[in-house]
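First up is the structure itself, then whatever we jot down about it.
The values are calculated or read from the model by the stated rules, or taken from the named source; none is laboratory data. Just so it is clear, the structure is predicted and the values come from calculations on it, not from any experiment. Every residue, glycine among them, receives a Cβ derived from its backbone with ideal geometry; neighbour counts consider all protein chains shown. The protein model used for the area step is the full one, side chains on, heavy atoms only, and it has no ligands, DNA or RNA in it. Shrake-Rupley method; radii C 1.70, N 1.55, O 1.52, S 1.80 Å.
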Amino acid sequence: MGIKMSLSKYSDLLEEKGLLVKKTGEEKFSAEIDFVTYDSREVCEGTLFVCKGAAFKPEYLKNAISDGAVAYISETEYPEGGDVPAIIVSDIRKAMPYLGDLFYDHPQDKIKITAFGGTKGKSTSTYYMKSVVDEYMKVSGKPESAVLSSIDNYDGVIREESHITTAESLELHRHFYNAVSSDIEYLEMEVSSQALKYDRVDGIRFSVAVFMNISEDHISPNEHRDFEDYFSSKLKMFALTEHAVVNLDSDHADRVLEAAKASADHVTFSCKDGSADYFAKDIRKEGGSIFFTVVKKTEPSFEEEFELTMPGLFNVENALGVIAASDIYGIPVSCIRDGLRKAKSPGRMELYVSKDGLVNAFVDYAHNKLSFEALYSSIKKEYPGYRVVGLFGCPGGKAYQRRHELVEVAAKYADKIYICAEDPGPDPAEEISAQIAENARKAGIDYEEIEDRGAAIHKAILEVRTPTVLLITGKGEETRQKYGTVYAPCRSDADYTADYIKEYDESPHHAVKK
């Protein structure tokens, strides 16, 4: 894995980039580097060990050296490094993308990367794009595309559940390298504001980047100090982009368009503004599908109808950005149409319906104000007259505003909410629930606190007596729940829902008719 080269190559590169502060043990810089990592658990013979992060401890370096690290790179010279050569830099985060790019032999230059940014819709759009590209690859007789998302990762070698929206730069370049080595031509990925703020994607050139929308989120001492910090971080994506795709229906669209000038070129899409380069009209629900027509401004003959089988009228917006990106690549309309018709996003708008039709349970990852507003308002339109019940929690240590914003949205559309644990992390789960409950009291919505998600889903389903839509949001198909710094194994919301719908069907409630 990666390209073997001397330690001096790394120091020369960092000096060229203006990041080198000091070198120690230069007489040993001819040593070959076999691997680069910041994870002491991955260290092997010939490793260049990266000392980074607020949680870094000098003992990690000591352990790395005992396991075979032959050099280290850091912002600080450590006594624990002994006589092992060191590269001291001014900014370790800015250095890491260069290390990854060099070690993995510039892999991002050999693959078409489509990036999705914004507050809402990144993961759904990423999987829509993957479905379209995979359809194109199938008819071309080539391997499926790679994907890096908040749900899971696949790069031709690794297939895993994801822990983070956008990985650290060394992992990103490893994924790119694996994809290139597996003869994969396209890769779809989500790009988070944290990745942009902390330089994880520096040096990467996205072939196409789609900016979905913007809304206040991730404001906390551990993330972004205010909305301006969050928004400006998001906009950094355009400077890394060849072709930008911008949603005119987004808040602050004028500012987004101005930022898009940093890319080589840009196009726009909209479900409301007929002047957009790609405009969706005649949006309608028929049976279990959503149909819409897309008109291309620069090509009047392009007026094509598309179908989505994944529920949610708001998904037309996600699909429209994907259509624009696919058209930029020159993917045939037939592949775009077939890909969108088949598209599914794991844990996104997964619908489970009881035999008597009373329970309509949606499992979805919606977790912020913008995604809640889109989901709840769409369900109200699609299921008139149904009782709406929400089930959600809020994460610990970040995005504190969600604890009142999500309740505010739910109170506009729902009849009741269940409050449960959702990755409480460093905060006590009961403390988070109490804050959400207090906001529910103020909003005047019926609520119930049940910390265990499985127990909450079970009660919500088994108590249904009238036509009801259950919106089970936040965790989707995730199989881990974060308590403190530990990710504890758990069953997914999707598994719970499927099992409890079955239990409902086998209970006396099955005899109840609509």
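Summary of values
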read-out	value
Local electrostatic count at I65 - Lys and Arg +1, Asp and Glu -1, tallied over other residues with Cβ under 11 Å	-3
Förster-model FRET efficiency, 41 Å R0, S377 and K355, C-beta, rounded to 0.05	0.90
Those residues of segment 273-292 whose amide nitrogen sits under 20 Å from the label point placed on V333, 7 Å along Cα→Cβ	274-284, 290-292
The chain, dipole about Cα centre (Lys/Arg Cβ +1, Asp/Glu Cβ -1), debye to the nearest 20	1060 debye
Relative packing of 179-192, 228-241, 41-54, 312-325, which averages over residues the other C-beta atoms within 10 Å, highest first	312-325, 179-192, 228-241, 41-54
Highest average packing first - 486-498, 203-215, 345-357, Cβ atoms within 10 Å	203-215, 345-357, 486-498
FRET efficiency, 1/(1 + (r/R0)^6) with R0 30 Å, evaluated for A434 and D226 via beta carbons	0.70
Extreme residue, positive dipole direction of segment 63-185, given options H163, M137, H173 (C-beta unit charges)	M137
Residues in segment 26-40 reached by a label modelled at M1 [backbone nitrogen below 17 Å; 7 Å Cα→Cβ]	33-40
T293 paired with E503, simple spin-label distance in nm, labels 7 Å along Cα-to-beta-carbon	4.9 nm
Amide H within-cut-off set for Q401, under 5 Å, with H built and near neighbours excluded	I219
Hz values of 3J(HN,Hα) by residue in segment 486-501 - Karplus curve (6.51, -1.76, 1.60), Gly and Pro given as x	9, 9, 8, x, 8, 6, 7, 4, 5, 5, 4, 5, 4, 5, 6, 5
Quarter of Cα convex hull surface for segment 2-67, i.e. mean projection, nm²	5.0 nm²
Residue pairs, from the table K285/K380; K9/K62; K22/K57; K122/K281; K122/K261, whose Cα atoms sit over 18 Å apart	K9/K62; K22/K57; K122/K281; K122/K261
Segment 417-464, accessible surface, carbon-and-sulfur percent (1.4 angstrom probe)	46 percent
Solvent-accessible heavy-atom area per residue, rounded to whole Å², over the chain at 1.4 Å	39 Å²
Extreme residue, positive dipole direction of the chain, given options I450, G397, V208 (C-beta unit charges)	I450
Residues in segment 36-53 that a label on E75 would reach, taking backbone N under 13 Å of a point 7 Å out along Cα→Cβ	51-53
Rg in Å to one decimal, and Dmax rounded to a whole Å, for the chain via C-alpha atoms	24.3, 82
Karplus (6.51, -1.76, 1.60) ³J(HN,Hα), θ = phi - 60°, over segment 197-206, in Hz, Gly and Pro reported as x	5, 9, 6, 5, 10, 4, x, 7, 10, 6
At R0 = 35 Å, FRET efficiency that the Cβ-Cβ distance of D446 and D495 yields, to 0.05	0.85
Within the chain, helix-based [θ] at 222 nm, where runs of 4 or more DSSP H residues each add -39,500 (n - 2.57), nearest 500	-10500 deg cm²/dmol
Cut-off under 5 Å, modelled amide H: who pairs with S145 long-range	D134
Accessible area of segment 205-281 belonging to carbon and sulfur atoms, whole % at 1.4 Å probe	48 percent
Computed magnitude of the charge dipole of segment 403-452 (debye, nearest 20; Cβ of K, R +1, Cβ of D, E -1)	360 debye
Peptides 270-279, 388-397 ordered by average Cβ neighbours within 10 Å, highest first	388-397, 270-279
Extension gain from D251 to E32, taking 0.36 nm per residue of separation minus the Cα-Cα distance	73.8 nm
Dipole magnitude of segment 58-168, debye to nearest 20 (Cβ charges: Lys/Arg +1, Asp/Glu -1, about Cα centre)	700 debye
Long-range amide H partners of G474 with built H, under 5 Å	D364, Y365, A366
